[in-house]
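Presented below is the structure to which this report refers.
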Amino acid sequence: MLKKLLKNPLWGERLADGLAKYIKYVRSKGITICEPENPDELFLKEDPFILAVWHGQFLLIPTIRPEKIKAKIVVGAHGDAELAAKLVSRFGVTPIRGSGAAGRRSKRDRGGAKVLKQAIKALKEGFCIVSTADVPPGPAQKVGEGIITMARLSGKPIIPAAIATKRAITFKSWSRLTINLPSSKTGFVVGDPIHVPRHSTPEELEKLRLELEAAMGKVTRRAHELAERSPKKILPLWERTLKPGLALKSYKLATSIAKPIAPLIFKYRVNKGKEIQEREQERYGISELKRPKGPLWWFHAASVGETNACLPIIKKLLSHHPELSILLTTGTTTSAKLAANKLPTRAFHQFIPLDNKLFVKRFLAHWRPGLAAFVESEIWPNLIIETHARNIPLLLINGRMSKKSFKRWFKKPAMARPLFGRFDKVLAQGPIDERRFITLGAEDVIHSGNIKIDAPALTYDETELQTLKSAIGDRPLFVAASTHPGEDELIADAHNIIAMDYPDFLTIIVPRHPNRAEEIRTSLTQHQRDNQGKPLTIELRSENTIPSRGTNIYIADTIGEMGLFYSLTKTAFIGGSFIRHGGQNPIEGLKLGTNIITGPHVENFAIAYFELFQRGGAIQVEDAKTLATKIVDLLKNPEQHKSLKAGGQNAIDYLSGAEEITLKTLETYLEPSN
């Protein structure tokens, strides 16, 4: 609604006028207490300078400018900041539009570099610059690098400042946005100037960043004390208590009450093919395996993707440390089968216990792990709380936090902080993930990269590859890898479009969950027709068949053969991207020389896809028609495969390195041998 109003010039100006009048009214009603008593003296002495404020506490800042000082303020380039730009101009402050990307790699230039140049130029011309010290989208009240860089390059000091009113409304936004109310006592506090030498080393710059952060916290707390308002009202999530809130207590109670029906849930899942009957006791924290002697580490991976990601780490740890044993837990039958085939000696698999306090305590009492490492995004509250309670180092490796998950956790701060704050260390896949984890309460977070980039190429049976090649012959084909419900029908639509140009075209579908194969065949047979109006001929690999000359769609519903099918094709569509799942891993195919096509939803691998798109190493399509068009284009212009392959390899080279960081971090937790 606000964006629509701002697009209308007349309404935008009226709204800015109204807000300016409101802010002046707030300042005119009530008493203002300043520290130091006359901050204008400091301002005039240091003029020009950089005034640092927190993002969520800026509303009254334009009102504090002494008349003799000319100022400009950094305002975001996005649509919502249009109102802020109009507003500050009512107070004689010139806006500079744009903002930093907060460590994000984005296709859209947010104007950070341009803003920095404009700000430095303005400082040299005698203007003061007002800038928020924290950067969207968070974490709040954590000083970013931008303001430090501005001070270093300009040679001008940073002055920390905060203003607070006794009466105010604070929103549950990332920045703790505060609307000050009239008839309030107001506290305004200015800290000592902080100078950033031009030739500071990276270590010195980090020390100064932390010094500014501490100074900002100090003036903020003092401004609230003077205004007689608790500073806790604006505390960002990462500063809050680890004590479980109502939502977390309710979850623990619900899982405790649900304990008697756990067998019924398990039986239902067995009937759906999602559990193995013979291993039911593992779900209750009971194991038939004995704990091996010596140090034991526990890795938890949700499913196949996470298992494949951590297997190379597990193998190298065991190779480097012969005294170590490793327990790998997962939650799906497919990942259990994968683990059974690929885990090395001294590593073994168990199903993760259901997230009930009793089951978790049994599990931990039996295995007594010396370290727990969760992979990517598996957050089970009872597991985390009980593991932390036993003083077991708790790590999240290859951490990923999607936008959707972040929004969900952010709405539950009393649940998020007590969970994420219990991790000793989080190794985040990308800078956006890093900032999201910090915002949610994790304290020790680093951007390590994605270990899936460093994983070795998937293996395959060369004999099976030659058998398939012989059966297929010179037929054109493509593979739809890791498809999800709702995508197979689109793949069949694309197949029929391609078959208009290539009647003998073969499509191979590798479903993300192989147990969907019969469901896919039934659906496509009933609802899809070829270009002659006949039902599509569909065969399943699990029925020990190979594609015949008349096969239209071949469903590869076996475990551990993804490498085989990537090696069979020049082009693969990566599933989970036509629907709002967020996409599957494109790197596995690239490492086997396969060109990658994806749908529009790639949030799960945003960084990898950004680099691929930048380097021409992947193709993005919107629907079945554009998928078919791109595949036909590649068939008619095979020289494109070389440039796609080169771009993909370039991206892999750039993104590699996470495995080494992860291994070094994990090894710091090993006790030194005697």
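Computed values, structure above
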{"read-out": "Any hit, segment 365-374, residues being surrounded by fewer than 19 Cβ atoms within 10 Å (Cβ to Cβ), more than 27 Å from the chain's Cα centre (by Cα) and part of a strand (DSSP E or B)", "value": "no"}
{"read-out": "Output for segment 635-674, where each listed residue is more than 30 Å from Ala572 (Cα to Cα) and either assigned to a helix (DSSP H, G or I) or in contact with a strand residue (DSSP E or B) (Cβ under 6 Å, 6 or more places away or on another chain) (or both)", "value": "Ile661, Leu663, Lys664, Thr665, Leu666, Glu667, Tyr669"}
{"read-out": "Residue in segment 581-591 that is farther than 30 Å from Ser325 by Cβ and either among the polar types (S, T, N, Q) or surrounded by fewer than 16 Cβ atoms within 10 Å (Cβ to Cβ) (or both) present", "value": "yes"}
{"read-out": "Scan of segment 307-331 for residues that are surrounded by fewer than 19 Cβ atoms within 10 Å (Cβ to Cβ), within 26 Å of the chain's Cα centre (by Cα) and of a type in the set (S, T, N, Q), ordered by number", "value": "none"}
{"read-out": "Segment 541-550, subset touching a residue at least 24 places away in the same chain (Cβ under 8 Å) and surrounded by fewer than 20 Cβ atoms within 10 Å (Cβ to Cβ), residue nearest to the chain's Cα centre (by Cα)", "value": "Ser542"}
{"read-out": "Candidate set from segment 401-420 (those that are touching a helix residue (DSSP H, G or I) at 6+ places or on another chain (Cβ under 7 Å) and not in a helix (DSSP H, G or I)); member that is surrounded by the most Cβ atoms within 10 Å (Cβ to Cβ)", "value": "Met401"}
{"read-out": "Count - residues of segment 602-634 that are of a type outside the set (Asp, Glu), surrounded by fewer than 18 Cβ atoms within 10 Å (Cβ to Cβ) and under 27 Å from Asp474 (Cβ atoms)", "value": "3"}
{"read-out": "Residue count for segment 319-337, restricted to those that are over 21 Å from Asn515 (Cα atoms) and part of a helix (DSSP H, G or I)", "value": "2"}
{"read-out": "Meets criteria (buried (at least 19 other Cβ atoms within 10 Å of the Cβ), assigned by TED's automatic domain parsing to the domain that holds Gly560, touching a helix residue (DSSP H, G or I) at 6+ places or on another chain (Cβ under 7 Å) and at pLDDT below 95) for Leu506", "value": "no"}
{"read-out": "Given (1) among the aromatic types (Phe, Trp, Tyr); (2) part of a helix (DSSP H, G or I); (3) touching a helix residue (DSSP H, G or I) at 6+ places or on another chain (Cβ under 7 Å), number of the condition Trp298 does not satisfy", "value": "(2)"}
{"read-out": "Residues located in segment 428-481, provided they are under 20 Å from Lys570 (Cβ atoms) and aromatic (Phe, Trp, Tyr)", "value": "Tyr460, Phe478"}
{"read-out": "Index of the failed condition, Val426 passing every other in (1) outside any helix (DSSP H, G or I); (2) out of contact with any Phe, Trp or Tyr (no Cβ under 6 Å at 6 or more places or on another chain); (3) among the hydrophobic types (A, V, I, L, M, F, W, C)", "value": "(2)"}
{"read-out": "Sole exception among (1) closer than 15 Å to Leu248 by Cβ; (2) at pLDDT 95 or above for Ala416, by number", "value": "(2)"}
{"read-out": "Thr63 among the β-branched types (Val, Ile, Thr), within 23 Å of Arg14 (Cβ to Cβ) and in contact with a strand residue (DSSP E or B) (Cβ under 7 Å, 6 or more places away or on another chain)", "value": "no"}
{"read-out": "All positions within segment 546-565 that are among the polar types (S, T, N, Q) and closer than 11 Å to Arg512 by Cα", "value": "Thr558"}
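This table checks each residue for (1) farther than 25 Å from Leu635 by Cβ; (2) outside any loop (DSSP other than H, G, I, E, B).
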position	(1), (2)
Ile509	no, yes
Thr522	yes, yes
Thr525	yes, yes
Gln532	no, no
Ile559	yes, no
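The values are calculated or read from the model by the stated rules, or taken from the named source; none is laboratory data. Values in this document were obtained by computation on a predicted structure and should not be read as measured data. Note that each Cβ is placed from the backbone with ideal geometry, even for glycine, and that neighbours are counted across all protein chains shown.
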